[in-house]
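For reference, the structure discussed in these notes is given below.
The values are calculated or read from the model by the stated rules, or taken from the named source; none is laboratory data. None of the values given here were measured: they were computed from a predicted structure. Reconstructed Cβ throughout: ideal geometry from the backbone, glycine too, with neighbour counts over all protein chains shown.
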Amino acid sequence: MGEIPKALREKVHKGLKLLVITGAGISAESGVPTFRGEDGLWKRYRAEDLATPWAFERDPKLVWEWYNWRREIIAKAEPNAGHRAIAEMEALFPNFFLITQNVDGLHRRAGNHKLMEIHGNLWLVRCTREGAVWENHEVPLKEIPPRCGRCGALLRPHVVWFGESLDPENLRLAYQLLKGCEVLLVVGTSGVVQPVASFPWEAKRHGAYVVEVNIEPTPITRISDLFLKGKASEILPVFLNELKDCLLSRSN
Ligand code: OAD
């Protein structure tokens, strides 16, 4: 990665409204499988069988076995240099916010606090009768499918499945952030799952400078002002240093 373009350098100041959107690609180097691409989960499994409310109704044991398997992988994973660089961006810019599509919780573990897990979190469970949500870190799960200790109803992962709506409060905040951000950094997403896939267009429409980090071009690349091709864990620490450098040159 060379020096960042002058147009971006000029935008960087302490008060920069920086919005970051991440997808499965940022966790790939932590050993968490992505969904699409050669080794993607949706090459080996059908989303219809595992990640829809109908699949859960039909076979909750199968759905939970799949989530249990993913929880086992994620429990062993550590945040990588890409996650850590994004956590440092939060510390650097007071007007920072992160929207992640990932349910693995690795951003939180890396130190991000100002974040929205827009597709939920795999370490939260929800009672299908009462709707209560709580943390569950049991790996492997003792009982599959797990049941609510209070009312005996089935528990489900507190994630958003295909065919379900996103939390309207989250969506309201997301559109507010997209409208106000000056720089949007999009990392490791294939940009095909709505509504998040349309977020870069929304930010661009409101004048944001769009930076994309990915190992290959995506539909978002077309509207990106800067496309940084490569692995998130390699690109993001360099990009972070560039941002720091801009801040330093501002204060001199
Ligand atoms: P995808 O698996 O669709 O896309 C992963 C993206 O990461 C691809 O564009 C890859 O090229 C890129 N990538 C892979 N390794 C990378 C690396 N080391 N550094 C940078 N980029 C890399 O994942 P998402 O876009 O997150 O939804 O998928 C969106 C949603 O689809 C997920 O949240 C999930 C899934 O079905 C739900 O479960 C609702």
Set V187, V193: member being modelled with pLDDT under 95, within 15 Å of the chain's Cα centre (by Cα) and either buried (at least 18 other Cβ atoms within 10 Å of the Cβ) or not hydroxyl-bearing (S, T, Y) (or both): V193
Per the list (1) modelled with pLDDT under 95; (2) touching a helix residue (DSSP H, G or I) at 6+ places or on another chain (Cβ under 6 Å); (3) charged (D, E, K, R), residue check on E212 breaks on (1)
Scope region 212-252; condition basic (K, R) and exposed (fewer than 15 other Cβ atoms within 10 Å of the Cβ); matching residues: R222, K229, K244, R250
Which members of region 83-114 meet the condition of being part of a strand (DSSP E or B), aliphatic (A, V, I, L, M) and closer than 21 Å to W161 by Cβ? I99
Among the residues of region 220-234, which ones are of a type in the set (A, V, I, L, M) and more than 12 Å from E3 (Cα to Cα)? I220, I223, A232
Of the numbered conditions (1) of a type in the set (K, R); (2) more than 23 Å from G37 (Cβ to Cβ); (3) out of contact with any strand residue (DSSP E or B) (no Cβ under 8 Å at 6 or more places or on another chain), K231 fails exactly one; give the number of that condition. (2)
Consider L98 carefully, then state whether it is among the aliphatic types (A, V, I, L, M), over 30 Å from R150 (Cβ atoms), outside the structural domain of V192 (by TED's automatic domain parsing) and in contact with a Ser or Thr (Cβ under 8 Å, 6 or more places away or on another chain). no
Hits in region 20-67 - residues which are free of Cβ contacts under 8 Å to residues at least 60 places away in the same chain, part of a loop (DSSP other than H, G, I, E, B) and more than 9 Å from the ligand (Cβ to nearest atom): G31, E38, D39, Y45, R46, D59
Condition check: surrounded by 12 or more Cβ atoms within 10 Å (Cβ to Cβ), modelled with pLDDT of 95 or more and at positive phi. Does G25 satisfy that? no
Loosely packed, with under 14 Cβ neighbours inside 10 Å, in a helix (DSSP H, G or I) and not aromatic (F, W, Y) - does that describe any residue in region 138-147? no
So N80, is it more than 16 Å from the chain's Cα centre (by Cα) and polar (S, T, N, Q): no
